[in-house]
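The values are calculated or read from the model by the stated rules, or taken from the named source; none is laboratory data. Quick caveat: nothing in here was measured; it's all calculated off a predicted structure. Because the Cβ atoms are built from the backbone with ideal geometry, glycine has one as well, and the counts that use them run over all protein chains shown.
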Amino acid sequence: MIRSTYLAAAALVAAAVSSPGQAQEALVAPGPQGELSGTLIRPADGGPVVLVIPGSGPTDRDGNNPLGVKAAPYRLLAEALGTRGIGSVRIDKRGMFGSKGAVPDPNQVTIGDYGDDVAAWVAAARAATGNACVWLLGHSEGGLVALAAAQRVPDLCGVILVASGGQTFGDILRAQLRANPANAPILADALGAIDRLERGERVDVSAMHPALQDLFAPAVQGFLIDAMAYDPSALAAQVTLPMLIVQGGKDLQVPLANGEALHAAQPAAQYVLVPDMNHVLKDVAGDAPQANLAAYSDPSLPVAPGLVEAIAGFVADPGAGDPAREEAE
């Protein structure tokens, strides 16, 4: 079976989890046909605000996903940043969860559509906090959205890419598929489907393995075709804003080569490797895949301290430090 949260999937409705330990407020922004819904943690007076752009598929504002992710990485990250006076807005994607009414079909989206929503959220964050300084923080696929939005949303403070692809969407899927030996019997069909989608062609999945029928479901092929047309490293090279790239050393889904590619494309960015961080932003011990994946369902684990320190230090002083490679223990 293919395991990847770096893909689009059908929306499932779920309630956002709130934390009683820190003041969190409902926040809305205008969507195409209804409101977009999110959660605000206010910054300290004059403090910055980070807009957390979620990863692929049915990932909610807390970073959870009904496909098996229960680690609450976005909520925990927002709360950790809040203790440092850094505000945050974390959001439900259009057509999903609290933003279900924004569009009738969450699969009929493009990266540009998500960029429109980023612009709406930046305006909402500024209006709610009175603070013009908003940072885009994109996680996983959200990094591609952040890079695309940074070209069109004015007066941003900067861009933070966390566990974000530096390779094209198609190349990341190829690497994920090849990394699992169990995929050998279906690999030819999968790679052929990616090739066709990259050419802008729809794929007939009716004769494929059920796992591939889910991965390349007709309902999401339009989104996949659109997303595969973007080169995140080329976009990173065009960004003139302050940029922080944080890569996890134990990310099974978006491995080290992606962070390195982003940094090579934009050498002026600060680059931080958090050696033990996995894709759901938790530090994991050892190299066993089972232990790594177990963290996906454990909200009791804090987000990696190195990630929190990197973000907090960067938004406090984006010009500090050597833009050459750094490592967070």
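Report every pair of residues separated by at least 6 positions or lying on different chains whose Cβ atoms are under 9 Å apart, first residue within the range 199-216 and over 18 Å from residue 107 (Cβ atoms), second polar (S, T, N, Q) and assigned to a loop (DSSP other than H, G, I, E, B).
Hits for this filter: zero, empty list.
Among what's in the range 289-305 and is more than 18 Å from the chain's Cα centre (by Cα) and in a helix (DSSP H, G or I), pick the residue that is surrounded by the most Cβ atoms within 10 Å (Cβ to Cβ).
Ranking the candidates gives 292 first.
Among the candidates 247, 270, 253, which residue alone is at pLDDT below 95, under 23 Å from residue 80 (Cβ atoms) and surrounded by 14 or more Cβ atoms within 10 Å (Cβ to Cβ)? Don't jump to the end; show me each part of the working.
Values: 247 fails: at pLDDT below 95; 270 fails: at pLDDT below 95.
Going through 247, 270, 253 in turn, the sole match is 253.
Could you check how many residues of the range 149-167 are in a loop (DSSP other than H, G, I, E, B) and either more than 14 Å from residue 237 (Cα to Cα) or not polar (S, T, N, Q) (or both)? Give the steps one after another, and end with the answer.
Step one: list which residues in the range 149-167 are in a loop (DSSP other than H, G, I, E, B), which gives 151-157, 163-167.
Checking which are either more than 14 Å from residue 237 (Cα to Cα) or not polar (S, T, N, Q) (or both) leaves us with 152-157, 163-166.
Counting residues in the range 149-167 that are in a loop (DSSP other than H, G, I, E, B) and either more than 14 Å from residue 237 (Cα to Cα) or not polar (S, T, N, Q) (or both) gives 10.
Going by the structure shown, is residue 187 farther than 30 Å from residue 23 by Cα, hydrophobic (A, V, I, L, M, F, W, C) and at pLDDT 95 or above? It would help to see each step written out before you state the result.
Values: farther than 30 Å from residue 23 by Cα: yes; hydrophobic (A, V, I, L, M, F, W, C): yes; at pLDDT 95 or above: yes.
Judged against the criteria, residue 187 is a match.
Which of the following residues is over 20 Å from residue 310 (Cα atoms), in contact with a Pro (Cβ under 6 Å, 6 or more places away or on another chain) and surrounded by fewer than 24 Cβ atoms within 10 Å (Cβ to Cβ): 124, 120, 132? Talk me through it step by step, then tell me what you get.
Working: 124 fails: in contact with a Pro (Cβ under 6 Å, 6 or more places away or on another chain); 132 fails: in contact with a Pro (Cβ under 6 Å, 6 or more places away or on another chain).
Being over 20 Å from residue 310 (Cα atoms), in contact with a Pro (Cβ under 6 Å, 6 or more places away or on another chain) and surrounded by fewer than 24 Cβ atoms within 10 Å (Cβ to Cβ) holds for just one of 124, 120, 132, which is 120.
Looking at the range 67-85 only, could you name the residues that are crowded, with 24+ Cβ neighbours inside 10 Å and farther than 30 Å from residue 214 by Cα?
77, 78, 81
Counting only residues that are part of a helix (DSSP H, G or I) and in contact with a Lys or Arg (Cβ under 9 Å, 6 or more places away or on another chain), how many does the range 186-226 have?
Step one: list which residues in the range 186-226 are part of a helix (DSSP H, G or I), which gives 186-198, 210-215, 218-226.
Retained after the next criterion (residues that are in contact with a Lys or Arg (Cβ under 9 Å, 6 or more places away or on another chain)): 187, 190-191, 194, 196, 218, 221-222, 225.
The qualifying residues number 9.
Taking into account only those residues within the range 28-61 that are over 13 Å from residue 130 (Cα atoms) and of a type in the set (Gly, Ala, Ser), which is surrounded by the most Cβ atoms within 10 Å (Cβ to Cβ)?
Among those residues, the one meeting the criterion is 55.
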